[in-house]
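Input: a single structure, listed below in structure tokens.
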Amino acid sequence: MVDRFYGDLSLAEMYDALHPWGPTDAFCLERVGSAESVADIGCGTGRLLSRARRVGHGGRLTGLDPAAAMLVQARRRTAGVEWVLGDLDCVRWEAEFDLAVMSGQVLQLLPGDTEARHALAALRRALVPGGRLLVDTLDPAGRPWEGWGEEGAREVVRPDGSVVRAWREAVAPVRGERVRYVDRFDCDRWERAQESRGALRFREAAALDRLLEGAGFTVEERHGPRGRAAARGAGGAGTVTVARRG
């Protein structure tokens, strides 16, 4: 099921303002630029592939997302990308891409290891032999959920001039690896605040490596929050793991 934040058009249109372009996006864009054919899994508003096209990528760019409201934003950005509504169960790609990207903690949105293994198996089929997969994850050692709360609220000015305050809160108590959260949205012009509920599955780097290797990938690199190289197994907030399809 798609979280309301991604499925409600009035909320989805604020996504980019609430999640500004950052170092992880820039790192992924660099790798996209060196691949002839790219699949962005959970592409959201499409900013990664749209920017790649704008800076001169001339190959195949395909964005896949199950949230129609997010793809509305993507299609508004550019018609020069293949935008596909659905998930990895809806497509039957066979050795079609040099690179697949799972940014924005997409893998962590899957509830458990069974779903993650299923997705990774589908991505292995979608990649050519030797193709690469980028997986963006948050490091549980940094306990990022402890920094969530109203004190970290962002403000978005909507086209009608109204200001929306948005923030994320962890649902307490936090138990185990699956952290439930509530995204809250408040505006003086609304009768009541809105919310969207979801969860992220946190894994240590070693557990992520086992998942990838079990799906037929070889972990080659791990890069920290500003794109710097990190030792395998070290991880870090906003870590991107690069794995090669065997």
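The values are calculated or read from the model by the stated rules, or taken from the named source; none is laboratory data. Note that the coordinates shown come from a computational prediction; the quantities given were computed from them, not determined experimentally. Virtual Cβ from ideal backbone geometry, glycine too; neighbours counted across all protein chains shown. What goes into the accessible areas is simple: the full protein's heavy atoms, side chains included, and nothing from ligands, DNA or RNA. Shrake-Rupley method; radii C 1.70, N 1.55, O 1.52, S 1.80 Å.
Overview of results
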{"quantity": "Residue count for the range 178-193, restricted to those that are touching a residue at least 24 places away in the same chain (Cβ under 8 Å) and assigned to a strand (DSSP E or B)", "calculated": "7"}
{"quantity": "Residue count, the range 43-64 (criterion: open to solvent by 20 Å² or more (accessible area, probe 1.4 Å) and of a type in the set (Val, Ile, Thr))", "calculated": "1"}
{"quantity": "Selected residue (criterion: surrounded by the most Cβ atoms within 10 Å (Cβ to Cβ)) from residues of the range 158-177 that are of a type in the set (Val, Ile, Thr) and either in contact with a helix residue (DSSP H, G or I) (Cβ under 8 Å, 6 or more places away or on another chain) or in contact (Cβ under 8 Å) with a residue 60 or more places away in the chain (or both)", "calculated": "164"}
{"quantity": "Qualifying position, being under 21 Å from residue 32 (Cα atoms), of a type outside the set (Val, Ile, Thr) and not in a helix (DSSP H, G or I), among 122, 199, 166, 95", "calculated": "95"}
{"quantity": "Some residue of the range 126-134 being free of Cβ contacts under 8 Å to residues at least 60 places away in the same chain and open to solvent by less than 50 Å² (accessible area, probe 1.4 Å)", "calculated": "no"}
{"quantity": "Residue pairs meeting the criteria (Cβ under 6 Å; at least 6 apart or on separate chains; first under 17 Å from residue 199 (Cβ atoms), in the range 139-152; second among the basic types (Lys, Arg) and surrounded by 12 or more Cβ atoms within 10 Å (Cβ to Cβ))", "calculated": "148/168"}
{"quantity": "Complete set of residues in the range 196-217 that are acidic (Asp, Glu) and closer than 15 Å to residue 134 by Cα", "calculated": "209, 213"}
{"quantity": "Matching residues, the range 178-214, being open to solvent by 40 Å² or more (accessible area, probe 1.4 Å), among the acidic types (Asp, Glu) and within 20 Å of residue 102 (Cα to Cα)", "calculated": "204, 213"}
{"quantity": "Residue that is nearest to residue 182 (Cα to Cα), among those in the range 1-18 that are open to solvent by 60 Å² or more (accessible area, probe 1.4 Å) and not hydrophobic (A, V, I, L, M, F, W, C)", "calculated": "4"}
{"quantity": "Residue in the range 146-157 that is among the aliphatic types (A, V, I, L, M) and open to solvent by less than 30 Å² (accessible area, probe 1.4 Å) present", "calculated": "yes"}
{"quantity": "Filter result for the condition that a residue is touching a residue at least 40 places away in the same chain (Cβ under 8 Å) and over 13 Å from the mean Cα position of the chain (by Cα), over 9, 71, 61", "calculated": "9"}
{"quantity": "Test for residue 21: is it among the aromatic types (Phe, Trp, Tyr) and either open to solvent by less than 60 Å² (accessible area, probe 1.4 Å) or modelled with pLDDT of 95 or more (or both)", "calculated": "no"}
{"quantity": "Members of the range 13-51 found to be of a type in the set (Phe, Trp, Tyr) and not in a helix (DSSP H, G or I), listed by number", "calculated": "21"}
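For (1) surrounded by 21 or more Cβ atoms within 10 Å (Cβ to Cβ); (2) more than 15 Å from the chain's Cα centre (by Cα); (3) farther than 26 Å from residue 205 by Cα; (4) in contact (Cβ under 8 Å) with a residue 40 or more places away in the chain, each residue gets a yes or a no:
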| residue | (1), (2), (3), (4) |
| --- | --- |
| 29 | no, no, no, no |
| 36 | no, yes, yes, yes |
| 41 | yes, no, no, yes |
| 66 | no, no, yes, yes |
| 81 | yes, yes, yes, no |
| 93 | no, yes, yes, yes |
| 103 | yes, no, no, yes |
| 117 | no, yes, no, yes |
